[in-house]
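To keep things clear, I will list the structure first and then write my remarks on it.
We did not get these values from a lab; they are worked out from the coordinates using the rules stated. As the structure is a prediction and not an experimental result, all values here were calculated from the model. Neighbour counts run over all protein chains shown; Cβ positions are idealised from the backbone, glycine included.
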Amino acid sequence: MTDAQLVIQSNREIGKNTYEMVLTGETGEIRPGQFVDIRLPGYYLRRPISVCDFAPGRLTLIYKVVGHGTEYMAGLTPGAALDVLTGLGNGYDTAPSGERPLLIGGGAGVPPLYALAKRLLAEGKRPRAILGFNTADEVFYPEEFQALGVPVTVTTVDGSRGVRGFVTDAMDGGYTYYYTCGPEAMMRAVFQKSVTSGQFSLEERMGCGFGACMGCTCRTKTGHKRVCKDGPVFVKEELAW
Amino acid sequence: MVNTSVTLSGLTLDNPVIPASGTFGYGYEFAQIYDINILGSFSFKGTTREPRFGNEPPRIAETASGMLNAVGLQNPGIDKVISEELPRLRQVFHKPVVANISGFSLDEYAQVCERIDREEGVGLIEVNISCPNVHNGGMSFGTSPESAAEVTRAVKAVTKKPVYMKLSPNVTDIAAIARACEDAGADGVSLINTLMGMRIDLKRRAPVIRNVTGGLSGPAVFPVALRMVWQVYEAVGIPIIGMGGVSTAEDVIEMMLAGATAVEVGAANLVDPLASKKIVEELPLVMERLHIENLTDIIGGAHHG
């Protein structure tokens, strides 16, 4: 965990109610699948947001406007400084991925899979991605994944873009392992349909984001786990789904 | 050089700053980012006889200048706390710690207290009779003078360590409950626990927190906490650990002027993991500015006549 003062370089809408924010500064060490916790003036609790991409001194976040805090974030302009706790959570483990891992993201769960895709490619793996949304106007980042060289299947519930249906409708058997992040209902469906082991990034309302308050605890087969500190990534075998 | 040390029932602390139970775990998360031995002490996560998951999530909600929590005393149980957490805690914290304990019956309070009594590293026992988030226990003991006195007697009978009863603000007369604890032999009182509150999600038209209600903490409660410390100071002769929304060194001084001998820092640790460290560091500077040489001199200093 690093307590960082970061400066906004850009903050733009990339899909319906979905924003991409680029921050620079001393970000500290970050791994794919980790998240940051942002302090906003006038709001008591920090906002946990998953990390989409990172490089030395640079951090990209994608967030959906769902309440007052994220609405405030959407109004921030380049040059503004933010107090950000970085390097939170365990992140994805790429060791068990095999040659052809599948990345399955739903809506606001897509972003952490981008940094993961880059890491897997750097390790010589050949990831593919299924990115699920409700409607075409919500879709973001398929081109960015493709630009990395990751084959992408987009699904929309209403069929307005890509495959009509859910991410599970686009899952076939040709993967060695999988990584997923998205709404719990989606991840439970992935859990049921999957034929290999995989890793799930969970979400829960958090107090602190770094393991102190026990606000976000979940039950797993290996005991009570804090989503923020022991997770957010859990392996399939741990989940009591 | 100003003197920041204070003494609670024979236990001398380098300074009065004590991270509050439930906001500091067993110390490790914070020990990773600063040397927590600069603290006066800290109060570890409330411990019960049996392991507890606590309440179903969501357990957290934001409020204006504060937060609600309904964690519900999640903890690994006294056996694991003694065999695993305390040995790990000793590696990162070398001062006497405040053991926060809770229970659902007089027997349970006494049993947990008896176990903790044998732990050398524990300097003081803080007995939570005020958790608003559990049913058939916790706060129900702290809402009447009679039951608060009963718990006090039960734990005092099994330990030689100083016993501080942690009081609930969700009562009509907190001073009467503090007096009952004092009469039953309590060495001190700590207050306030959280204030019961709730939020409703407008889209779902349902409470944000699954438990419906939660405990309010953060700067929003500071004036209420201060008023209660003031009232209790006028009612009892035993030391008070004051808490509730303390976020700055100035807040610490204010609490002490109202009557607190030491001060716990709670929710502030959750929004700024360095909050307690900053308070410890700023305290001597604020004392110099206010011409305070010995911190103990100001305890109750705002009460005149």
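Taking the Cβ of A:Leu148 as the center, what net charge do the other residues with Cβ under 14 Å away carry, scoring Lys and Arg +1 and Asp and Glu -1? Don't jump to the answer; show the numbers that get you there.
Working: positive: A:Lys118, A:Arg119, A:Lys125, A:Arg126, A:Arg128; negative: A:Asp53, A:Glu123, A:Glu143, A:Glu144.
Once positives and negatives cancel, what remains is +1.
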**Study point:** Local electrostatic count, A:Gln9, Cβ distance below 13 Å [Lys/Arg +1, Asp/Glu -1]
**Key:** 0
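Let me know the shape class of region B:46-154, please: from the alpha-carbon gyration tensor, a ≥ b ≥ c as square roots of the eigenvalues, rounded when a/c is under 1.5, otherwise prolate if a/b is greater than b/c, or oblate. Don't skip to the answer; put the middle values down first.
Values: a/c = 1.74, a/b = 1.17, b/c = 1.49.
Judged from the Cα gyration tensor, region B:46-154 comes out oblate (a/c at least 1.5, b/c at or above a/b).
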Check your understanding: When only alpha-carbon atoms count, how far does region A:95-201 stretch along each of its three principal axes, as whole angstroms with the largest first?
Key -> 35, 30, 21
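Arrange B:Met243, A:Met187, A:Met214 by Cβ neighbour counts within 10 Å, fewest through most, would you?
Values: B:Met243 32, A:Met187 23, A:Met214 27.
Result, fewest neighbours first: A:Met187, A:Met214, B:Met243.
Please tell me the relative contact order of chain A in percent, rounded to the nearest whole number, where contacts are Cα pairs under 8 Å and at least six residues apart.
On the way: 588 pairs, mean separation 43.4, N = 241.
It comes to 18 percent, rounded to a whole number.
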Review point. Taking a 25 Å limit on the Cα-Cα distance, which of the listed pairs A:Lys229/B:Lys45; B:Lys45/B:Lys95; B:Lys156/B:Lys277 fall beyond it?
Key: B:Lys156/B:Lys277
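Based on other C-beta atoms within 10 Å, arrange B:Glu84, B:Glu108 from fewest to most. Walk me through the numbers on the way to the answer.
Numbers: B:Glu84 12, B:Glu108 18.
Sorted ascending by nearby Cβ count, the order is B:Glu84, B:Glu108.
By its C-alpha gyration tensor, with a ≥ b ≥ c as the square roots of the eigenvalues, how is region A:2-88 shaped: rounded for a/c under 1.5, else prolate for a/b larger than b/c, else oblate? Spell out each step's value before the answer.
On the way: a/c = 1.44, a/b = 1.29, b/c = 1.12.
Since a/c stays below 1.5, the shape of region A:2-88 is classed as rounded.
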Review point. Roughly how many nanometres apart are two label points built 7 Å out from the Cα toward the Cβ at B:Thr172 and B:Arg90?
Key: 4.9
Point to revise | Share antiparallel - DSSP beta bridges, region B:147-305, percent rounded to 5 | key: 35
Check your understanding: Taking Cα centroids, how far is region B:1-56 from region B:111-146 in Å?
Key -> 16
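Which order results if A:Asp230, B:Asp183 are arranged by neighbouring Cβ count within 10 Å, fewest first?
Values: A:Asp230 20, B:Asp183 13.
Lowest count first: B:Asp183, A:Asp230.
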Study note, to complete from the structure: Inter-part gap, Cα centre of region A:2-37 to Cα centre of region B:193-226, in whole angstrom, is 30
Exercise for review: Grab the DSSP H runs of chain A that are 4 residues or longer, score each as -39,500 (n - 2.57), total them, divide by all residues and round the 222 nm result to the nearest 500 deg cm²/dmol.
Suggested key: -4000 deg cm²/dmol
Review point. What is the distance, in nm, between label points placed 7 Å from the Cα along the Cα-to-Cβ direction at A:Ala80 and at B:Arg153?
Key: 5.9
Review point. What does the charge count near A:Gly107 come to, summing +1 for each Lys or Arg and -1 for each Asp or Glu among other residues with Cβ under 13 Å from its Cβ?
Key: -2
Review point. If each of A:Glu71 and A:Thr24 carries a label point 7 Å out from its Cα toward its Cβ, how far apart are those two points in nm?
Key: 3.2
Exercise for review: Above 37 angstrom, tally the Cα pairs of chain B and express them as a % of all pairs, no decimals.
Suggested key: 8
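Pull up the DSSP beta bridges for the protein assembly as shown and report the antiparallel fraction as a percent, rounded to 5. Numbers along the way, then the final one.
Numbers: 55 of 100 bridges.
Here the antiparallel bridges make up roughly 55 percent for the protein assembly as shown.
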Study note, to complete from the structure: Of the candidates B:Ser217, A:Met186, B:Ile38, the farthest towards the positive dipole end of the protein assembly as shown (Lys/Arg Cβ +1, Asp/Glu Cβ -1, centred on the Cα centre) is A:Met186
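Over 45 Å, how big is the tail of the calculated P(r) for the protein assembly as shown, in percent of all Cα pairs? Let's see the in-between values first.
Numbers: 30230 of 148785 pairs.
Cα-Cα pairs in the protein assembly as shown separated by more than 45 Å: 20 percent.
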Review point. So what is the 222 nm mean residue ellipticity for chain B from helices alone, if each DSSP H run of at least 4 adds -39500 (n - 2.57) and you divide by all residues, rounding to the nearest 500 deg cm²/dmol?
Key: -8500 deg cm²/dmol
Exercise for review: Compute the length gained on full extension between A:Ala240 and A:Arg126: take 0.36 nm times their separation in residues and subtract their Cα-Cα distance, giving the result in nm to one decimal.
Suggested key: 38.1 nm
